[in-house]
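The values are calculated or read from the model by the stated rules, or taken from the named source; none is laboratory data. All figures in this text were calculated on a predicted structure; none of them were measured in a lab. Backbone-built Cβ (ideal geometry, glycine too); neighbour counts: all protein chains shown. Surface areas here come from the heavy atoms of the whole protein model, side chains and all, with no ligands, DNA or RNA. Shrake-Rupley method; radii C 1.70, N 1.55, O 1.52, S 1.80 Å.
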Amino acid sequence: MSRLTDPSHNTVETKYIFVTGGVVSSLGKGIISSSLACLLKARGYRVTIQKFDPYINIDPGTLNPYEHGECYVTVDGHEADLDLGHYERFTDIRTTRANNVTTGRIYQSVIDKERRGDYLGKTVQIIPHITDEIKRNVMALGKTGRFDFVITEIGGTVGDIESLPFLEAVRQLRWEMGDDCVCIHLTYVPYIRAAKELKTKPTQHSVKQLQHVGIQPDILVLRTELEIPEGTLRKIAQFCNVSADAVVQSVDAPSIYEVPLMMHAQGLDTAVLRKTGIQPCGEPDMSAWRGFLDRMASASGSVTIGLVGKYVELQDAYKSINEALFQAATYCGRKLDLRYIHSEKVTEGNAGEMLAGMDGVVVAPGFGQRGIEGKFAALKWCRTHDIPTFGICLGMQCMVIEFARNVLGLADANSTEMDPATPHNVIDLMEDQKCIHNMGGTMRLGAYDCRLAEGSHAAKAYGKTLVSERHRHRFEFNNRYRAGFEAAGMKCVGENPDTRLTEVVEMPDHRWYIGTQYHPEYSSTVLNPSPLFLDFIKAAIDYGEYKQWEN
Ligand code: GLN
């Protein structure tokens with residue numbers, strides 16, 4: 001891919017694009033940033049996206065999903081904000097630890113420097129020390145020379161106390177970089193039903209707030225339920241000092257995957273190019289993306305998948321799994337009918353009823369005791385009724401425990417996470433986890449190789465025997481029990497080539513009963529869906545058809 005050049009073909013500096021949000025949270029800054037990255041990449045530019053989060057946690061790894069949704073994991077083992085999942089799914093760009101920085105990380109680094117004496121006796125202050133550290137991190141990826149565009153999403157909403165140092169850093173960078181830097185502000189234009197009017201005042205106030213900290217947005221993206229009339233857009237442009245061709249509206253879309261093309265139609269990518277002094281030429285090559293949207297539009301019939309987990313009221317908790325299932329269903333020509341099944345409510349008595357109508361079942365990852373018995377009950381039903389079943393991380397561990405209890409007759413089998421005194425620790429703490437006391441960033445994290453047994457179902461699904469997938473766990477299958485499991489029909493078909501840790505179990509005599517210690521959902525993208533999810537959905541579709549035929 002070509003290096004960014006100006007019209008006279010001189011190589012030019014990396015361009016920095018900042019995305020801030022105003023009025024309310026949850027406007028979809030991550031989706032807008034991802035869509036922009038997708039379009040710039042489709043124009044042949046080298047792009048990366050990063051997220052700066054104003055909270056004090058070092059990373060979201062210690063956050064409960066109720067606080068912040070799913071914890072995403074990068075290949076290099078960083079526990080990251082779920083927006084990095086969107087970035088990867090939209091762009092196929094692999095992110096790393098450098099793509100997600102929090103206030104906590106910034107302060108930790110400044111305090112470490114202070115302790116080392118790096119500040120040579122100076123009073124350490126928010127300005128310039130914290131802001132300089134933010135600026136250094138903002139530019140870290142750009143400085144590698146690997147990118148034409150670095151898109152930086154600033155978490156939170158303008159006006160939050162926490163975001164002030166980040167906005168001050170953006171203000172300084174904007175001033176220092178001139179045309180190499182563009183600020184996009186995403187706001188909300190509410191529709192007041194009683195008055196039948198779209199209201200621009202919150203946007204005006206939000207832009208004022210940004211101007212108050214010294215940032216004049218170059219581009220406005222207006223999130224709206226209804227199409228905003230031309231006159232209203234002009235009014236916003238005029239009141240906010242933004243040129244009329246840089247006011248873009250983002251009308252609620254039926255699917256997040258439609259947003260890149262909508263943003264292109266609105267001219268977001270061309271506005272960014274113009275503002276950074278690049279003459280937009282040609283069109284982004286979105287043919288593969290359009291291909292996916294066509295599949296979405298032409299999908300007929302549905303595939304019904306039950307997701308058994310304890311965070312069912314919270315859709316963001318299983319974001320990557322939802323998206324991986326959706327992508328796989330779309331590639332299989334089906335609409336995804338995803339049903340959340342509360343693991344705390346499933347019992348051996350009602351499992352049949354709660355799982356009725358499912359073409360396939362996913363047992364979700366997780367931590368702790370809550371809902372675990374429901375996962376066992378659901379798995380027992382799926383295993384004994386030969387329903388395509390996919391256990392992910394804790395879901396895989398539950399497959400192992402349920403099998404130990406009900407097939408191997410080890411009644412008290414458990415994971416030492418749930419019962420440290422279990423006589424049958426079929427899932428146990430990894431050796432190198434035994435002396436760890438700090439919870440943050442200490443799990444087995446990131447991508448590891450996995451060797452799959454020749455001829456196994458998993459190997460066939462991937463079409464190869466060596467794969468690399470991402471992990472986030474402390475406990476593992478206890479290989480001392482391996483022979484017993486294999487003799488009774490649950491095979492360990494995937495293992496780490498170096499440590500021999502069991503990564504995949506499956507029951508070869510079942511339609512599709514596979515558990516992975518890793519999380520294949522993290523690497524599933526729109527243009528490269530996970531082979532394992534694809535295979536699972538195919539099995540679910542076949543099973544759905546078989547059920548119909550049987551009736
Ligand atoms: N709680 C389990 C472990 O730590 C599983 C983790 C997960 O599902 N991500 O091993």
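Can you give me the % of accessible surface on the range 350-491 that is carbon or sulfur? Probe 1.4 Å, all protein chains present, nothing else counted. Its accessible area is 51 percent carbon and sulfur atoms.
Taking the longest Cα principal axis of the chain as reference, the axis of helix 29-42 is set at about 80 degrees.
Expressed as a whole percent, the accessible surface of the range 14-114 that belongs to carbon and sulfur atoms is 53, based on a 1.4 Å probe.
Classify the range 1-121 as rounded, prolate or oblate, taking a ≥ b ≥ c as the square roots of the eigenvalues of its Cα gyration tensor: rounded when a/c is under 1.5, otherwise prolate if a/b is larger than b/c and oblate if not. Taking the square roots of the gyration eigenvalues as a ≥ b ≥ c, the range 1-121 is oblate. Here the calculated FRET efficiency for Leu226 and Ser302, from their Cβ-Cβ distance with R0 = 30 Å, stands at 0.55, rounded to the nearest 0.05.
Heavy-atom accessible surface of His385, to the nearest 10 Å², is about 80 Å², with a 1.4 Å probe and all protein chains retained. A Förster radius of 56 Å, combined with the Cβ-Cβ distance separating Glu162 from Asp542, puts the computed FRET efficiency at roughly 0.65. Full extension of the chain segment joining Asp386 with Asn438 gains 14.6 nm, where the gain is 0.36 nm per residue of separation less the Cα-Cα distance.
Summing +1 for each Lys or Arg and -1 for each Asp or Glu among the other residues whose beta-carbon sits under 14 angstrom from that of Lys434 gives -3. Cα axis of helix 531-550 to longest principal axis of the chain: angle in degrees, 0 to 90, nearest 10? Roughly 60 degrees between the two axes.
Computed over the Cα atoms of the chain, the ratio of the radius of gyration to the Kirkwood radius (Rg/Rh) comes to 1.00. In percent, rounded to a whole number, the relative contact order of the chain is 15, using alpha-carbon pairs under 8 Å and six or more apart. Rolling a 1.4 Å probe over the protein chains gives Cys240 an accessible area of about 0 Å². Positive end of the dipole of the chain (Cβ unit charges, origin at the Cα centre): among Met439, Ala98, Val170, the Cα lying farthest that way belongs to Val170. A simple rule links phi to the HN-Hα coupling: the Karplus curve 6.51 cos²θ - 1.76 cosθ + 1.60 with θ = phi - 60°, which for the range 460-469 gives 5, 4, 7, x, 6, 10, 10, 10, 10, 9 Hz, with x for Gly and Pro. Against the chain, whose longest principal axis comes from its Cα atoms, helix 230-240 is set at around 70 degrees.
A protection proxy built from the mean count of other Cβ atoms within 10 Å ranks the segments 404-417, 97-110, most packed first, as 97-110, 404-417. Projected label points at Arg146 and Glu373, each 7 Å from Cα along the beta carbon direction, are separated by 4.9 nanometres.
The convex hull of the Cα atoms of the range 191-277, projected and averaged over all directions, covers 6.3 nm². As a size descriptor, the averaged projected area of the C-alpha convex hull of the range 416-551 was calculated at 10.7 nm². Could you tell me which of rounded, prolate or oblate describes the range 345-430, using a ≥ b ≥ c as the square roots of the eigenvalues of the alpha-carbon gyration tensor, with rounded for a/c under 1.5 and, failing that, prolate when a/b is larger than b/c and oblate otherwise? Cα axes put the range 345-430 in the prolate bin. Please list, or write none, the lysines whose alpha carbon is within less than 19 Å of the alpha carbon of Lys235, excluding same-chain residues fewer than 8 places away. Counting by Cα, and skipping residues close in sequence, Lys235 has these lysines nearby: Lys196, Lys199, Lys201, Lys208. Accessible surface calculations at 1.4 Å, restricted to protein heavy atoms, place the chain at 41 Å² per residue. The distance linking the range 179-217 with the range 84-116 is 27 Å (Cα centroid to Cα centroid, whole angstrom). Computed from label points 7 Å out along Cα-Cβ, the spacing between Ser255 and Asp337 is 1.8 nm. For Asp53, nonlocal amide neighbours, meaning residues 5 or more places apart or on other chains whose placed amide H falls under 5 Å from its own, are Val101, Thr102, Thr103, Gly155. Between the alpha-carbon centres of the range 358-400 and the range 9-55 there is a gap of 38 Å.
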